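I have placed the structure first, in the form of structure tokens, so that the comments after it can refer back to it.
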Amino acid sequence: MPYETALAEFEAVIGLETHVELGTASKMFCGCATTFGAEPNTQTCPVCLGLPGALPVANATAIESTIRIGLALHCDIATWCRFARKNYFYPDMPKNFQTSQYDEPLCTDGWLDVQVEGETVRVPIERVHLEEDTGKTLHVGGLTGRIHGASHSLVDYNRAGIPLVEIVTKPIVGTGAKAAVVAKAYVAELRDLLRGLGVSDVRMEQGSLRCDVNTSLARPGEPWGTRTETKNVNSLRSVERAVRSEVERQAEVLRGGGRIVQETRHFHEDTGTTTSGRSKEEATDYRYFPEPDLVPIAPDPAWVAELKAALPEPPSARRARLTAELGLSELDSQAMVNAGVLDLVLATVAEGAPAAEARNWWLGHLAQQANSAGVSPDELAVAPAQVARVVALVAEGSLTATMAKQVVDGVLAGEGGPDEVVAARGLAVVSDEGALTTAVDEAIAANADVAQKVRDGKVAAAGALVGAVMKATRGQADAAAVRRIVLERLGVSE
Amino acid sequence: MTELTRMTAAELAGAIREKQVSAVEVAQAHLERVEQVDGRVHAFLHVDEEGALEQARRVDAGELTGPLAGVPLALKDVLTQQDVPTTCGSKILEGWRPPYDATVTERLKAAGVVILGKTNMDEFAMGSSTEHSAYGPTCNPWDLSRIPGGSGGGSSAALASYQAPLAIGTDTGGSIRQPAAVTGTVGVKPTYGGVSRYGLVAFSSSLDQAGPCARTVLDAALLHAVIAGHDPRDSTSIDAAVPPVVEAAQTRDLAGLRVGVVRELTGEGYEPGVQARFDETVQLLQELGATVSEVSCPHFGYALPAYYLIAPSEASSNLARFDAVRYGLRVGDDGERSLEEVMALTRAVGFGPEVKRRIVLGTYALSSGYYDAYYGQAQKVRTLISRDFQQAWMSVDVLVSPTCPTVAFPLGAKLEDPLAMYRQDVASIPANLYGGPAASFPAGLSDGLPVGLQVMAPTLRDDLLYRVGAALEAARPAPAPPLDWES
Amino acid sequence: MPEITREEVAHLARLARLALEDEELDRLAGQLDVILGAVAQIKEVTDAADVPPTSHAVPLQNVFRPDVVTASLPRERALSGAPEAEEGRFRVPRILDDEA
């Protein structure tokens, strides 16, 4: 059943659980480095390997970051709380329990406003708590690299123990047909907020921002339906698609008189649909109890107040400021947020480019390139500073608009920085008078009849000579200068 | 000079310092002793001859100095020692060589102490007789047909059979004190947090504590001073000065000390001989200048049941890491079985019955629907017991009781009845739940077998234990084991 | 007095990843019954009063470490205890459960 039809008949309740990998230098409970991409098991120690006898010691910066996130989300910060053990077995868990928080999270009861199609939606936040990440398992021997059909698995614990902040919304209701875009807008806004706080690089593709989407449907007036949890939602676009897909699937089932099974579903990027994973009918008994190896956290209220006062401008305020300062419209800034390029545009402006130019590049050519490469704009291999440089080169006349795109594509292809690409590809605008004059004379000589027409007063015919020079210089000549020289050489004026 | 293996740690350290004897000679004498008698006692699971001699050489070369430099020591096999087999008395860690030293081990090495080897213990410190070791029991040097106590029977037996003058034990519910009591040696459980748990393979995290074991009070104090102190790698480690234990061990005076006899820890359930030795010892304390009164700690009777909920619960979680993935035993991996099956099989084969019993019990006590009824309630009992202690400190400085209700019982006598075994800890557990320091000192013999006096003190007042023990020892030296099986 | 069934013990054994034989399950059920009966008596004293639980013996709080990188174990050391290793990783037999 199509999404819109489903939400005309049913009401959706959405919940979002987001895991944020903090960008701390060291792990949550030990001093191992957290650098992404290191050789397997080279960033481990007795603590994060769960060796017998090892003990955790909490990372102060991770605690601080969690509190700052909670404050930015308007949460209450606990005056006293503890870590808890969440007990379950899995090979990527070195201790076969995860040190997390249970009934005493660091932050509770907050909210985040998101703009959706001109309206403000207040997303309620249930809790923000701190825990540790697991290792990574490679499944070998199966078809798709997933578990099913694998003959064995290989485990790397470099990621085990990296601090993870879990942000859980309260059920989001009353979104009507906008459920999917609200979910996406929330994740986008959250991502922006977290980036602004400097606590994580929040890259969904790298896994430093992970999203689980909970969905349930109910007919108006009836109690909430059974909800499913969808995992493997690895991009903003997937958030929206996952909600749409689940709403459609559940509506189909309910319409047909069936029952929704409480389960975990897996989102598939390629099909945009979800498949059944683990059944959650029998909820795992995690046997939570307070972590005896760690002592309670009692954040000093004065310190928390300082952190609150020092919070950076929230994204919504920054957008408003941008709108005012740079003369961009509300619609523009919303478009930039949705495309995930707000910070990139700002950074490009910070590097000296005019706002309109920066906007045009990131919402235009670069957004297209990101789309066709299947990546998000901030993953493109071009930095805001480089974009600003290209803009400057065009402004000073060294590059034409067409050439500018070629330069950017060259940077994306890894050919180097803008100036290097220009040099390597010989993309300089030819504006040297001598060179141009030579080229013009050659064109005149080769097109004597056209030249004669111009001398005779048909100035418009000069365009063909300009065209010939442009062709001869492979489009790199400064067209305006060429025209001027042509007319000069032929002794006519405009 | 007395035979090297009969000397105290303090004497040996002095002799080495004075160059009357070399550390290597001392080490060799003890290694020979181990070879001579440990076939009968089975205190050691692993003897590190090469490592011990190397360490001794370094002491002789002047590289390592300190009050205990060159003195041999037996280390309970629950503490990691880098590249030396550490089994925790379990098959699941057979052959495992840790890639790191426990903080206790590091401090011992830095102090020039010569670690002879790792001692036998009840598997993962769960037991009161060392009969639950996967490697066979240790025998009590006083009578080889009897248990040496547990879980640290290997350490106390090593002391009592003169295989080492010093040992390290760990105490969760009495595992240092009860072996000390039944082997006639000194065993001290420091204030919780007083000695780092980094590298101490966890049984019950909120209760475990490593501590010194020796034949004399001063030796135990010297060892205490070496291993205690803040460790930033242990979040539960106390950041305060180590109590003045050595100084206290050299005081022989009990004048002005108020001693409380815990009413709930005497009488019924305590063997008559144990009770009698206890009463005499209390009398002696009075003669030495202490004021003795009776104190009631009304909730101490609930300590045992609370412990047998808290400890197995924490243990069930702590032992989850033994899963055939990163270290230890792996069985049943035939290429067909899944990881889940291999894990379950390995754990079933690698863990002994007592460990499995406690894991299942702990899993039950923590499971949803039962947490509030069991683990949750037990944590409340902890509060009540702490309050009993706080109340007591208003009128007395230390509390005393028999360390355990019986003398060493015959091997096999309590294996069929877990509850009977658990009752060995009835007097020792309160101090673990409270977190305060407690010790066992020799208090005479009953039918030729040692009895221990337990002394308990307020948190961070470990020195008071040594003060009492030293005075007692000076007035009435502890009897030596007959060792008639030696010849 | 709780009556633990063999099924309950089997469930607990599964949760704890212990492959136990039937006789072991039965024996454990009996032993657990006895132990739980003995420990249930704590309710006498905790039900009466409104007592807060103690999770830590010592009143420490706010123990942290600065966010500073320290040396990790060299890889061979990290893998040294592994029952099986492959390509610098810990090798395990095929996993049945989906990731959590």
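The values are calculated or read from the model by the stated rules, or taken from the named source; none is laboratory data. Worth saying up front: this structure is predicted, and the values here are computed from it rather than measured. A quick note on method: Cβ atoms are made from the backbone with ideal geometry, for glycine too, and the neighbour counts reach across all protein chains shown. Surface areas here come from the heavy atoms of the whole protein model, side chains and all, with no ligands, DNA or RNA. Shrake-Rupley method; radii C 1.70, N 1.55, O 1.52, S 1.80 Å.
Data table
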| item | result |
| --- | --- |
| The stretch A:356-471: Cα Rg divided by the 2.2 N^0.38 Å rule of thumb | 1.39 |
| Unpartnered cysteines - no second Cys beta carbon under 4.7 Å - across chain A | A:30, A:32, A:45, A:48, A:81, A:211 |
| Length gained when the stretch residue A:368-residue A:111 is fully extended (0.36 nm per residue, less Cα-Cα span) | 89.2 nm |
| Label zone at residue B:32 (point 7 Å along Cα-to-Cβ), backbone N below 16 Å, the stretch B:3-23 | B:3-7, B:21-23 |
| Cβ-placed point charges (K, R +1; D, E -1), dipole of the stretch B:188-300 about Cα centre in debye, nearest 20 | 220 |
| Computed [θ] at 222 nm, helices only, for chain B once each DSSP H run of length n ≥ 4 contributes -39500 (n - 2.57) | -11500 deg cm²/dmol |
| Accessible-area composition of chain A, carbon plus sulfur, in percent [1.4 Å probe] | 52 |
| For the stretch B:194-205, 3J(HN,Hα) per residue [Karplus equation, 6.51 cos²θ - 1.76 cosθ + 1.60, θ = phi - 60°, Hz, x = Gly/Pro] | x, 10, 4, 9, 5, x, 8, 4, 6, 10, 10, 3 |
| Linear extension gain, residue A:383 paired with residue A:494, 0.36 nm per residue minus alpha-carbon span | 35.7 nm |
| When the convex hull of its Cα atoms is projected in every direction, mean area for the protein assembly as shown (nm²) | 54.1 |
| Label-point gap, in nm, between residue C:86 and residue A:442 - each point 7 angstrom along Cα→Cβ | 6.3 |
| Pairs of Cα atoms farther than 38 Å apart, chain A, % | 41 |
| Compactness of the stretch A:70-128 - radius of gyration and Dmax, Cα, Å | 16.0, 48 |
| Sites matching GluC sites (Glu not before Pro) across the stretch A:88-168 that sit in DSSP coil, with at most 14 neighbouring C-beta atoms within 10 Å | A:117 |
| Solvent accessible area, Å² - residue A:212, 1.4 Å probe, full protein context | 10 |
| Accessible area in the full protein assembly, largest first, 1.4 Å probe, for A:80, A:303 | A:80, A:303 |
| Heavy-atom accessible surface of chain B: percent carbon and sulfur, 1.4 Å | 49 |
| Selection from A:373, A:398, A:348, by position along the positive dipole direction of the stretch A:340-445 (Cβ) | A:373 |
| Candidate residues C:94, B:326, A:159, B:423: accessible-area rank, largest first, probe 1.4 Å | B:423, C:94, A:159, B:326 |
| Chain B: Rg to Rh, with Rh as the Kirkwood radius over Cα pairs | 0.95 |
| Rounded Å value of the spacing that divides the Cα centres of the stretch A:59-121 and the stretch A:154-169 | 13 |
| Charge dipole magnitude, Cβ of K and R +1, D and E -1 - the stretch A:1-93, Cα centre, debye nearest 20 | 620 |
| B/C buried area, accessible surface, summed, 1.4 Å probe, Å² | 4900 |
| Only Lys, Arg (+1) and Asp, Glu (-1) charged, at Cβ; chain B dipole about Cα centre in debye | 720 |
| Under-20-angstrom lysine pairs by C-alpha in chain A, whenever the two are 8 or more apart or on separate chains | 16 |
| Inter-label distance, nm, simple model (7 Å from Cα along the C-beta direction), residue A:276/residue A:305 | 5.6 |
| In the stretch B:278-348, GluC sites (Glu not before Pro) in a DSSP loop with at most 13 other beta-carbon atoms within 10 Å | B:336 |
| Approximate shape of the stretch B:293-374 as ellipsoid semi-axes (Cα gyration tensor, √5λ), whole Å, largest first | 36, 14, 9 |
| For peptides B:165-173, A:382-390, sequence by mean Cβ density within 10 Å, most packed first | B:165-173, A:382-390 |
| Average beta carbon contacts from partner chains per residue of B:226-234, 10 Å cutoff | 2 |
| With Cα atoms, 0 to 90° folded angle of helix C:6-15 axis to chain C main axis | 30 |
| Computed E for residue A:432/residue A:395 - FRET, C-beta separation, R0 22 angstrom, nearest 0.05 | 0.70 |
| Averaged over C:26-32, number of beta-carbon atoms from partner chains that fall within 10 Å | 3 |
| With all protein chains modelled, accessible area of residue A:266 [1.4 Å, Å²] | 40 |
| Heavy atoms of residue B:302 accessible to a 1.4 Å probe, total area in Å² rounded to 10 | 40 |
| Extended-chain gain in nm, criterion 0.36 nm per residue less alpha-carbon gap, residue A:38 and residue A:255 | 73.1 nm |
| Average accessible surface area per residue within the protein assembly as shown, 1.4 Å rolling probe, Å² | 36 |
| Cα pair count fraction exceeding 12 Å, expressed as % - the stretch B:133-173 | 56 |
| Sequence of A:191, B:258 when ordered by accessible area, the most exposed leading, probe 1.4 angstrom | B:258, A:191 |
